[in-house]
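To start, the structure itself, in structure tokens.
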Amino acid sequence: MAEPQQQLPPGWIAEWDANNQRYLFIESATGRAQWENPADGGPAGSPPPATGSPPPTTHHAKRRQYAAGQTQAYYGSSDGLAAPVYSGPGNQLGQVPSGGAGGGQLFTPGLVAENQFASQQQQQQQQQPGGQAYYGQPEPDYINGPQYTQQPAAYGQQPPAGPGGQVGALADQFGQMGMGGAGGQKPFQIYTTNLLTSPPDPRELARPPPEIRLPPGASVSPSPHANAPFEYQRCTVNAIPTTNSLLSKSKIPLGLIITPYRSLKEGEDPVPVVTDTVIARCRRCRTYINAYCQFIDGGNRWRCCMCSMSNEVPQLFDWDQARNQPGDRWARAELNHSVVEFVAPTEYMVRPPQPAVYVFLIDVSHSAVQSGMVATATRTILENLDRLPNEDQRTKVAIIGFDTSLYFFSMPPNTTDSTMLVVSDIDDVFLPKPTDLLVNLTEARQSLESLLGRLNDMFQENHTLGSALGPALQAGFKLMAPIGGKIVVLSSTLPSVGPGALKNREDPKILGTSKESGLLQAASPFYKTFAIECSRAQVSVDMFLFSAAYQDIATLACLPHYTSGQTYFYPAFNAARAEDAVKFAHEFGEVLAMPIMLEAVIRVRASRGLRMASFHGNFFVRSSDLLAMPAVPQDTSYAIEVQIEETLTAPFVVLQTAVLHTTCYGERRIRVITLALPTTSNLSEVYASADQVAIATLLANKAVERSITHKMEDAREAVFAKLVEILQSYKTSMTAAGTGASAQLAICDNLKMLPVLILGLLKNVGIRQSAQIPPDLRAYAQALLTSLPSESLIPYIHPNFYSLHDMPPEAGTVGEQGVIMPPPLPLTSERLVRHGLFLIEDGQTMFLFVGRDAVPQLIADVFNLPSYEALRGGKTTLPLLDNPFSQRVNAIIQKTREMRRGVYYPHLYVVKEDGEPPLRLWAMSALIQDRADVLPSYQQYIGQLKDKVNGASSY
Ligand SMILES: [Zn+2]
């Protein structure tokens, strides 16, 4: 049988389905999947099924679809299609009705567009019982002004297409206006979407940002890796305005999101390393040579891409030191790879590379021991000793216990002995012994293992309450300050004695008021002052916090914040619940095993005219633009606002991030990430190249900062106002409406998810308007909002929502890209049905929502229980049962936990439709398009935006 790919009509792909042992055919543009080869259509074969109609039933009889009142329905059967739709007023689940008939009232009356919106939502619902309803749904309408023409392809992305889809494109006239000096690159095209008639499609978020279109010859290398992947470095616009006034006119914030240290997944190539220590840098601006520098003077000199300085090519640049013969310049990694690492010669070292150091500060007070934290933590360290970075066998470890006293452990090498030394004077901390407290991991392995095995038992009867966390930090610091490294804090209580003691300032009365931001500021200067001391000594701090009561995360998180560490929170941790123990052990283990870049400084350089203006994330800003990071963790992001200081005359600009660091196996290196972007003097190109994910990431960082320095409501208003500005400016300059009122709410196609992302941000626990959110949960959410890379941040503000009981046959099976996920649904409870099973996840938490009319067969297949009544809500571990549906659901949950990089291992909660209200409300709060309490539904919010954009004085 011939390879099916070769016979397929354009736009179709074939994927081998291992479970069914046959090819599945997918139409890329619509996501429509079918078993028949579409090439077999025509007279002899069966015609391709109509859009939205299900594949035939015969080939996947094993697939179950659960409809109300049925024990088992099969895909495509009339029974399945007749399954009741759970929707409509009065039928809502825990939410104020919105959308449908109810949603219509929320709009300014008299506009046809609103009814279109409502009817589209209904259409989507009606298609749902088919299981693949979201595939092949009617595409939104696009604005078709008289001057617009049909275009076959959009700028940098797939055109919005599909059955009945209309694409309205601005004519080339925009693309041809004022292309700056950038002759030769393809003109940008812009597509306008009406947000009123185009509800958010979550699949849009899986698209890459708009393509970067550099002028021909910008790069000296034909390598596909010459420009930075967006996962490492992305800009809010992929065409930089030539002037600040053009940028201001667009209202789009200019910023850079960098993720300098990204974990590698299986099969991914490591970052190439330049080992010959020949490092060519501009002698004026110190830029590292890269693919955007030009060789001149017969190749003897190179012109800097940032400042145009002519520099000499180093003598050994073209010499292959390994073979001791002339080398090929064009094979050098730094000319072909945008992400590259140089082995640094000694002049890049202030001191020799230091060993990796881990000092564990373990709370051993009564509550810490009783919660099982100490037992879980020590077991996890024990189990991960071989994963702790120690390639060069220089890694050092110390363990300090604390309650209201400090407990040091002396671990002499090559014995199983260890001695505990108690220090009760916590006001003036001293080390009770000069040696054997910070020990070489390899040499002291036996005594360390023996200690970790006994530690929990030693404190089993400890009745001491209270915490001397501050003194413990000081002790740990004293121990390691000459070297630097990582302090890992595991704490179950509010610090209560000694320096850094804190008071419980949680006051329910001020939650939701303008005073609330005070609770998000540090209560004591101790932690910031101490953090800066740590930063100077190359010490980074991670905080693992476990308290059931107030722990003042806002204050404690200062320490990771300024020392490039991270805060992890396990509220009311109880290891007796297996799920708690598994989550903490998994995440802690990942942190222990994580390679880190030690003693790091990061600097971002850019072409003349651009300036790094402000910085967001976990680090300490040393001098004006040097970010000090004692340890750069993997999969953490930093946001930088960029200013256009003078007119950009070059056809493209370059932004280069350099991370000088020591690897955890003792080598000094420089990681360099180079991003080149075209410049433009054309406003439509600024919009057409804008990256909505990068913009949302930058705005999340700015909002958190503002909520702390100003008031919470200021932060929310600023974010909302920014969005209004962008929409207003777009309407005025890019649509026929100009400054007049418009019945539409227009935005370019590549930014059409920005409003819903901002809505998600406004509804995130970190900044949401509410009087019910404990300050610790807020502070933790804020720590996540300012450190998660976009890949994890986007689901955190815009969760994923899947219908499982009627998912397509391939969902949950293994395809070429691993487990196939069901299509994501829009985040509205209108999609919930009473007989259904749904998954909602935001990367931190997963909710398995079970409708109250779920048939016994579904409950039996997934939970191994006789009926819905027997099912209990709450944290759970799903059994893996001997039926295909259970296996597919488990595969989807496992894939959800693994698909993103980072250490997080989300809890899984079973949420019953009529179960505990707080849990249900929590789960439903992830459906951000619903109205909740004082927070608007998506339709209301879009209505507010439209009024604001049209200049209405109130909303
Ligand atoms: Zn230069």
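Are there strands (runs of 3 or more DSSP E) fully within the range 527-641 with at least 2 residues that are touching a residue at least 12 places away in the same chain (Cβ under 8 Å), open to solvent by 10 Å² or more (accessible area, probe 1.4 Å) and among the small types (Gly, Ala, Ser)? List them.
Fully inside the range 527-641 and qualifying: 610-616.
Pairs under 6 Å by beta carbon, first residue assigned to a strand (DSSP E or B) in the range 898-924, partner among the hydroxyl-bearing types (Ser, Thr, Tyr), six or more apart or different chains?
Every condition considered, the pairs that remain are HIS907/THR845; LEU908/THR876; VAL910/THR876.
Each row is one residue, and each column tells you yes or no for (1) surrounded by 21 or more Cβ atoms within 10 Å (Cβ to Cβ); (2) under 20 Å from the mean Cα position of the chain (by Cα); (3) more than 16 Å from LYS912 (Cα to Cα).
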| residue | (1), (2), (3) |
| --- | --- |
| VAL814 | no, no, yes |
| GLU830 | yes, no, yes |
| PHE838 | yes, no, no |
| SER867 | no, no, no |
| LEU878 | no, no, no |
| ASP882 | no, no, yes |
| THR896 | no, yes, yes |
| MET899 | no, yes, yes |
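Scan the range 272-285 and tell me whether some residue there is touching a residue at least 40 places away in the same chain (Cβ under 8 Å), open to solvent by 20 Å² or more (accessible area, probe 1.4 Å) and either within 16 Å of the ligand (Cβ to nearest atom) or over 37 Å from the mean Cα position of the chain (by Cα) (or both).
Yes: the range 272-285 contains one or more residues that are touching a residue at least 40 places away in the same chain (Cβ under 8 Å), open to solvent by 20 Å² or more (accessible area, probe 1.4 Å) and either within 16 Å of the ligand (Cβ to nearest atom) or over 37 Å from the mean Cα position of the chain (by Cα) (or both).
Collect the residues in the range 416-440 that are among the aliphatic types (A, V, I, L, M), farther than 20 Å from LEU455 by Cα and open to solvent by 60 Å² or more (accessible area, probe 1.4 Å), keeping them in residue-number order.
none
Return the only residue of SER245, SER219, SER263 being of a type in the set (Ser, Thr, Tyr) and open to solvent by 60 Å² or more (accessible area, probe 1.4 Å).
Just one listed residue meets the conditions, SER245.
Which residue is nearest to the chain's Cα centre (by Cα), if the candidates are limited to the range 901-912 and must be hydrophobic (A, V, I, L, M, F, W, C) and over 15 Å from LEU788 (Cα atoms)?
If we take residues in the range 901-912 being hydrophobic (A, V, I, L, M, F, W, C) and over 15 Å from LEU788 (Cα atoms), then LEU908 is nearest to the chain's Cα centre (by Cα).
Sort out which residues of the range 291-306 are closer than 19 Å to SER338 by Cα and either away from the ligand (no atom under 11 Å from the Cβ) or exposed (fewer than 15 other Cβ atoms within 10 Å of the Cβ) (or both), and write them in order of number.
Selection gives ALA291, TYR292, GLN294, PHE295.
For the condition within 25 Å of the chain's Cα centre (by Cα) and either farther than 30 Å from MET349 by Cβ or touching a residue at least 12 places away in the same chain (Cβ under 8 Å) (or both), what is the one hit in LEU677, LEU648?
LEU677
When you check VAL313 against the structure, is it within 16 Å of the ligand (Cβ to nearest atom) and touching a Phe, Trp or Tyr at 6+ places or on another chain (Cβ under 7 Å), yes or no?
Yes, satisfied.
Residue under question is SER365, and the condition is that it be hydroxyl-bearing (Ser, Thr, Tyr) and open to solvent by less than 10 Å² (accessible area, probe 1.4 Å); does it hold?
It is true that SER365 is hydroxyl-bearing (Ser, Thr, Tyr) and open to solvent by less than 10 Å² (accessible area, probe 1.4 Å).
Could you check the range 714-740 and list, in sequence order, the residues that are surrounded by fewer than 17 Cβ atoms within 10 Å (Cβ to Cβ) and more than 23 Å from ASN194 (Cβ to Cβ)?
ASP714, GLU717, ALA718
Do the conditions hold for LEU385, that is, is it assigned by TED's automatic domain parsing to the domain that holds ILE399 and more than 30 Å from GLY466 (Cβ to Cβ)?
Yes, satisfied.
The conditions are (1) within 16 Å of the ligand (Cβ to nearest atom); (2) of a type in the set (A, V, I, L, M, F, W, C); (3) at pLDDT below 95, and ALA331 fails exactly one of them. Which is it?
Result: ALA331 passes all but (1).
The values are calculated or read from the model by the stated rules, or taken from the named source; none is laboratory data. If you're wondering where the values come from, they're calculated on a predicted model, not measured in any experiment. So basically every Cβ, Gly included, is an ideal-geometry build from the backbone, and we count neighbours across all protein chains shown. All accessible areas refer to the heavy atoms of the entire protein, side chains included, with ligands and DNA or RNA removed. Shrake-Rupley method; radii C 1.70, N 1.55, O 1.52, S 1.80 Å.
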